[in-house]
Amino acid sequence: QVQLVESGGGLVQAGDSLRLSCAASGRTFSSYAMGWFRQAPGKERDFVAAISWSGDNTYYKNSVKGRFTISRDNAKNTVYLQMNSLKPEDTAVYLCAADQNSYGDYPGLYNYWGQGTQVTVSS
């Protein structure tokens, strides 16, 4: 089992950058593929990015390609989401997710979730 804690959210202006972090408990972080999702009020949980166990493979929502970068440091048990050129439509609670067996853009693929961190982008 793994516990996930997100941090790094905040209130920024359009065009600014933020880096989110997701710290995982336990000694087997490298055995989990990781994903970032976001959820705006009244909307469904939406895929943002995912990264494979070793970090060799990444996968992004089309609307964030070229602006967001997912990465991981298995020595620090942490996955990151670097977000550049933020837009008001990026406003949401951002959640990280983990699973040992699969990764992708469907929330149901992931067994473990953090509580989320709020990102608010003003115009």
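The values are calculated or read from the model by the stated rules, or taken from the named source; none is laboratory data. What you see is a predicted model, and the numbers here were worked out from it, not measured in a lab. Virtual Cβ from ideal backbone geometry, glycine too; neighbours counted across all protein chains shown. In case anyone asks, the SASA skips ligands and DNA or RNA and just uses the protein heavy atoms, side chains included. Shrake-Rupley method; radii C 1.70, N 1.55, O 1.52, S 1.80 Å.
Which number in (1) on the phi > 0 side of the Ramachandran plot; (2) surrounded by 14 or more Cβ atoms within 10 Å (Cβ to Cβ) marks the one condition that LEU20 misses?
Result: LEU20 fails condition (1) only.
Return the residues of segment 81-121 that are of a type in the set (Ser, Thr, Tyr), part of a strand (DSSP E or B) and out of contact with any Phe, Trp or Tyr (no Cβ under 9 Å at 6 or more places or on another chain); say none if nothing qualifies.
Within segment 81-121, THR120 is the sole residue that qualifies.
Being within 19 Å of VAL5 (Cβ to Cβ) and open to solvent by 10 Å² or more (accessible area, probe 1.4 Å) is the filter here; which residues of segment 76-94 pass it?
Hits for segment 76-94 are LYS76, ASN77, THR78, TYR80, GLN82, VAL93.
Closer than 16 Å to ASN101 by Cα, in contact (Cβ under 8 Å) with a residue 12 or more places away in the chain, surrounded by fewer than 17 Cβ atoms within 10 Å (Cβ to Cβ) and small (Gly, Ala, Ser): is that true of SER31 in this structure?
For SER31, the condition - closer than 16 Å to ASN101 by Cα, in contact (Cβ under 8 Å) with a residue 12 or more places away in the chain, surrounded by fewer than 17 Cβ atoms within 10 Å (Cβ to Cβ) and small (Gly, Ala, Ser) - is met.
Go through the residues of segment 43-50 one by one and say whether even a single one is among the charged types (D, E, K, R), part of a loop (DSSP other than H, G, I, E, B) and more than 15 Å from ALA92 (Cβ to Cβ).
No: zero hits.
Which one of these is at pLDDT below 95 and not in a helix (DSSP H, G or I): GLY55, GLY15?
GLY55
Determine whether GLY15 is surrounded by fewer than 22 Cβ atoms within 10 Å (Cβ to Cβ), over 14 Å from the mean Cα position of the chain (by Cα), in contact (Cβ under 8 Å) with a residue 40 or more places away in the chain and closer than 14 Å to VAL119 by Cα.
Considered against the rule, which asks whether it is surrounded by fewer than 22 Cβ atoms within 10 Å (Cβ to Cβ), over 14 Å from the mean Cα position of the chain (by Cα), in contact (Cβ under 8 Å) with a residue 40 or more places away in the chain and closer than 14 Å to VAL119 by Cα, GLY15 comes out as yes.
Considering (1) in contact with a Leu (Cβ under 7 Å, 6 or more places away or on another chain); (2) hydroxyl-bearing (Ser, Thr, Tyr); (3) more than 18 Å from TYR110 (Cβ to Cβ), say which one TYR80 fails and leave the rest.
(3)
Out of (1) touching a strand residue (DSSP E or B) at 6+ places or on another chain (Cβ under 9 Å); (2) under 17 Å from VAL2 (Cα atoms); (3) among the small types (Gly, Ala, Ser), what's the single condition that is false for SER71?
(2)
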